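Notes to accompany the following structure.
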Amino acid sequence: MNKSKFTTPSLSTEQMLKMYRSMVLLRTLDQRLWAMNRQGKAAIMASSQGHEAAQIASVEALQKGKDQFYTYYRDLGVMLSLGMTPTEIMLGFLAKAGEPLSGARQFPTHGAYSELGLINLSNVVATQITQAVGASLATEMRGEDSVTIVYFGDGATSQGECHEAMNFAGIHQLPIIFFCENNKYATSIPLKKQMAVKSVSDRAEGYGIIGKSIDGCNIASVFSTVKEAAHRARNGLGPTLIDAQVERFLPHTSDDDDTRYRTREELELSYQRDPLILLRKKVESIGALTSKLQSEIEQEAKLIINEATQIAENAPYVETSEFYNHVYSNG
């Protein structure tokens with residue numbers, strides 16, 4: 001274990017620009033997938049717009065190739081940051097051959113990519129939390145210097161599996177980070193009707209673990225908080241529950257109508273916390289982002305997504321002869 005004292009890290013200009021590029025690419029991909037759903041090309045879409053800083057900065061704070069990542073259905077940014085390509089993600093949304101998570105056999109972005117430490121995503125709410133705790137216990141039993149992070153929405157914290165997982169992790173002081181992407185709605189149910197406590201992080205005390213509420217739209221806040229949580233986990237100091245307060249700019253999924261439960265005025269206020277705009281203003285203020293570089297970043301992202309779209313649209317569907325692969329033994 002690393003017994004060094006934790007020192008709050010500061011983000012370099014290079015790190016901020018790197019994350020800004022990633023966030024622009026993610027937003028461009030997300031917008032394209034939403035449009036393709038509206039064109040009838042992608043069956044369903046859960047947008048990550050408003051969650052970009054929380055997802056990308058949290059991965060940047062951990063160790064790819066060593067740590068384990070359990071995501072949920074809104075985590076396109078985590079997938080991109082771990083090394084999935086826009087083409088691979090696009091193949092999944094169009095259910096085309098070559099999709100690496102499930103071979104195009106599940107919902108988009110569902111399955112596992114073990115080479116990237118991306119584990120068995122399901123859209124059954126909160127099931128990944130208990131699975132992540134089990135994986136964290138396994139790494140501790142093997143004596144590995146590995147941290148597990150599990151992502152979920154605020155709605156998942158009302159599920160029994162979430163409570164069981166945090167209780168077990170607290171008892172055994174496991175090296176795990178519970179990362180709640182709190183956009184204030186469990187589909188259409190606002191936070192105040194989900195829980196009586198003031199914030200998600202208040203629940204941590206009941207499990208004997210550390211709980212922190214942070215601005216999930218601020219990359220510096222996310223990065224330093226996850227870094228500290230990982231340091232605690234690697235030093236045998238147990239789990240951390242991070243309540244990353246983010247925004248959800250679009251409906252719960254492409255099948256949802258959010259005008260039925262939130263006002264346009266509320267949505268306009270949320271746009272003021274757009275993580276892309278906040279980070280752009282930050283790097284502009286220190287002279288690291290010029291209008292020329294901004295244009296180059298946006299153009300590069302558009303070219304990458306255009307290429308991914310073309311490849312995915314031209315890719316074949318999975319052969320029906322492969323239907324039973326990985327279902328029954330061929331031996």
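The values are calculated or read from the model by the stated rules, or taken from the named source; none is laboratory data. All of these numbers come straight from a predicted model, not from anything done at the bench. Glycine gets a Cβ as well: all are built from the backbone with ideal geometry, and neighbour counts include every protein chain shown. The protein model used for the area step is the full one, side chains on, heavy atoms only, and it has no ligands, DNA or RNA in it. Shrake-Rupley method; radii C 1.70, N 1.55, O 1.52, S 1.80 Å.
Quick look at the values:
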{"read-out": "Share, in percent, of DSSP beta bridges within the chain that are antiparallel, nearest 5", "value": "20 percent"}
{"read-out": "Helical segments meeting 27 Å axial Cα length and Kyte-Doolittle -1.0 threshold in the chain (DSSP H)", "value": "13-38, 291-314"}
{"read-out": "Computed accessible area, E307, all protein chains, 1.4 angstrom probe, square angstrom", "value": "110 Å²"}
{"read-out": "Relative contact order (%) - the range 77-197, alpha-carbon pairs under 8 angstrom, separation at least six", "value": "18 percent"}
{"read-out": "Amide N of the range 83-97 lying under 13 Å from the label point, which is placed 7 angstrom from the Cα of Q39 along Cα→Cβ", "value": "94"}
{"read-out": "Label-point gap, in nm, between E164 and Y328 - each point 7 angstrom along Cα→Cβ", "value": "3.2 nm"}
{"read-out": "Accessible-area order (highest first, 1.4 angstrom probe) of the listed residues S47, S22", "value": "S22, S47"}
{"read-out": "Placed amide H near G211: partners under 5 Å, 5+ positions off or other chain", "value": "L241"}
{"read-out": "Contact order normalised by residue count of the range 49-142, Cα under 8 Å, 6+ apart, percent", "value": "27 percent"}
{"read-out": "Dipole magnitude (debye, nearest 20) for the chain, charges at Cβ of Lys, Arg, Asp, Glu", "value": "600 debye"}
{"read-out": "Value of [θ]222 nm, deg cm²/dmol, for the chain, DSSP H segments ≥ 4, -39500 (n - 2.57) each, nearest 500", "value": "-13500 deg cm²/dmol"}
{"read-out": "Cα gyration tensor category, rounded, prolate or oblate, for the range 65-160 with a/c compared to 1.5", "value": "oblate"}
{"read-out": "Accessible area in the full protein assembly, largest first, 1.4 Å probe, for F6, F107, F179", "value": "F107, F6, F179"}
{"read-out": "Solvent-accessible area of T320 with every protein chain in place, 1.4 Å probe, in Å² to the nearest 10", "value": "120 Å²"}
{"read-out": "Potential extension, E14-E307 segment - 0.36 nm per residue separation minus Cα distance", "value": "102.8 nm"}
{"read-out": "Cα shape, the range 1-147, gyration tensor, a/c 1.5 rule", "value": "oblate"}
{"read-out": "Relative contact order %, the range 151-283, counting alpha carbon pairs below 8 Å whose residues are six or more apart", "value": "29 percent"}
